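Written below as structure tokens is the structure these notes are about.
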Amino acid sequence: MSYFVPQLVYVDKKALEYRLGRELRKRLEDRGIEVVLYEDRIPAVYRKTFREGFLAAKKVMVVSVWRQREFQTCRPSAHYQLPLVSGCPGHCEYCYLNTNLGRRPYVRVYVNVDDVLHRAREYVRGREPEKTVFEGAATSDPIVVEYWTGSLRRAVEYFAALEGAGFRFVTKFTNVDGLLAIDHRGKTEIRFSINSPKIITEYEKGVPRLKSRLEAAGKCARAGYPLGFLIAPIFAFEGWRDQYGRMLRQVREHMPEKIPVFFELITHRFTARSKKIIRDAYPESGVPLEETDRSFKYGQFGYGKYVYPGEVMEELKEFFVTEIKALFPEAKILYFV
Ligand code: SF4
């Protein structure tokens with residue numbers, strides 16, 4: 001999938017007051033996609049079981065208006081989330097969105113992009129002289145709907161011209177061509193989320209394979225974007241050193257020499273709630289979710305999560321730091337958690 005083709009689209013009648021809303025309706029209908037208008041509440045996607053409802057809702061796009069006044073914070077990745085899109089049609093079985101969005105995992109796009117960007121400017125002005133960074137992928141993979149909305153492009157252009165602001169987003173999708181010619185002035189960081197081919201094959205369904213992601217990353221690097229790799233979630237499976245070592249060498253092969261890259265490293269963790277949702281949504285999934293193999297840790301929001309035990313974390317950290325330094329001597333590792 002290079003971009004999302006929904007089976008059904010719900011359009012908020014208020015969204016038709018905006019040019020993007022009207023254009024989207026027309027383009028979707030011209031493609032023969034069923035478009036249903038709604039008022040106030042997004043219609044629920046009911047099916048007999050949670051799994052059926054979940055899978056059906058993943059094929060739905062909602063075109064709506066951003067109405068909140070405030071942005072959510074987004075530590076440690078950025079200061080604030082930029083609300084352009086939420087949801088993702090991909091089927092990564094471990095995905096944090098499965099827990100966040102639960103029964104409403106449809107892909108929701110906002111048409112009043114100017115309102116969102118103007119609100120972002122107010123946050124920037126309020127924090128001057130400190131720089132303010134916005135994350136475009138906190139609750140979505142925004143590249144997958146860029147074909148329809150062009151919102152990322154507008155955000156990249158907007159932040160390029162806005163003093164005191166930075167923008168970043170992460171993706172597994174490869175539809176980046178529309179971003180390459182933008183005068184981004186180095187103010188947007190693009191990260192590609194990658195994993196070992198074994199993990200991609202087993203747990204990441206409906207998203208591009210490693211080679212395609214690396215080719216897209218190479219294009220972004222050559223277009224001058226500050227570029228990073230989010231290796232997440234890292235699993236300590238049998239043969240992980242060999243597999244992750246090969247993955248890092250593939251990254252090296254696809255990156256132009258002398259272009260600095262950075263890495264963010266996140267080990268796999270799960271909560272009791274995420275385990276239940278994964279089991280319900282993907283009953284065949286082999287994502288490791290055994291509490292007895294993990295250590296229990298209280299998270300920043302007060303609920304507990306199951307992480308790898310300390311000695312496994314140390315081994316993983318040492319491996320990734322050593323390999324990355326050897327292959328990318330200039331690279332920064334922003335964090336390992
Ligand atoms: S691509 Fe990212 S946001 Fe989409 S399902 Fe996979 S992990 Fe979730």
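Annotations
- Search result, residues across region 200-209 that are within 13 Å of the ligand (Cβ to nearest atom) and either touching a residue at least 24 places away in the same chain (Cβ under 8 Å) or crowded, with 22+ Cβ neighbours inside 10 Å (or both): TYR203, GLU204, LYS205, GLY206, VAL207, PRO208
- Subset of region 175-199 [of a type in the set (Gly, Ala, Ser) and either within 16 Å of the ligand (Cβ to nearest atom) or buried (at least 16 other Cβ atoms within 10 Å of the Cβ) (or both)]: SER193, SER196
- For region 210-239, the set of residues classified as closer than 26 Å to ALA281 by Cα, more than 16 Å from the ligand (Cβ to nearest atom) and in contact (Cβ under 8 Å) with a residue 12 or more places away in the chain consists of ALA236, PHE237, listed by residue number.
- Residues of region 185-211 classified as of a type in the set (D, E, K, R) and at positive phi, total: 1
- Of the helices (runs of 4 or more DSSP H) lying entirely inside region 115-230, those containing at least 1 residues that are of a type in the set (Val, Ile, Thr) are 146-149, 151-161, 197-203.
- Looking at VAL156, VAL113, just one residue is touching a residue at least 60 places away in the same chain (Cβ under 8 Å), more than 10 Å from the ligand (Cβ to nearest atom) and crowded, with 17+ Cβ neighbours inside 10 Å, and that residue is VAL113.
- The listed residues are GLU284, GLU311, and the only one of them that is in a loop (DSSP other than H, G, I, E, B), free of Cβ contacts under 8 Å to residues at least 40 places away in the same chain and at negative phi turns out to be GLU284.
- Residue tally, condition among the basic types (Lys, Arg) and within 13 Å of the ligand (Cβ to nearest atom), over region 159-174: 1
- Selection status of GLU70, more than 16 Å from the ligand (Cβ to nearest atom) and in a helix (DSSP H, G or I): no
- Some residue of region 317-332 being part of a helix (DSSP H, G or I) and of a type in the set (Asp, Glu): yes
- Each residue in region 228-250 was checked for being farther than 12 Å from GLU323 by Cα and touching a strand residue (DSSP E or B) at 6+ places or on another chain (Cβ under 7 Å), and 7 pass.
- Counting the residues of region 240-275 that are over 30 Å from SER285 (Cα atoms), part of a helix (DSSP H, G or I), over 23 Å from the mean Cα position of the chain (by Cα) and not acidic (Asp, Glu) gives 0.
- Members of region 24-56 found to be in a loop (DSSP other than H, G, I, E, B) and either modelled with pLDDT of 95 or more or among the hydroxyl-bearing types (Ser, Thr, Tyr) (or both), listed by number: ARG31, GLY32, ILE33, GLU39, TYR46, THR49
- Subset of region 78-102 [under 25 Å from LYS275 (Cα atoms), assigned to a loop (DSSP other than H, G, I, E, B) and either within 12 Å of the chain's Cα centre (by Cα) or more than 16 Å from the ligand (Cβ to nearest atom) (or both)]: CYS88, PRO89, GLY90, CYS95
The values are calculated or read from the model by the stated rules, or taken from the named source; none is laboratory data. Here the structure is a predicted model, which means the values were calculated and not measured. Quick reminder, even Gly has a Cβ in these numbers, built from the backbone with ideal geometry, and neighbours come from all protein chains shown.
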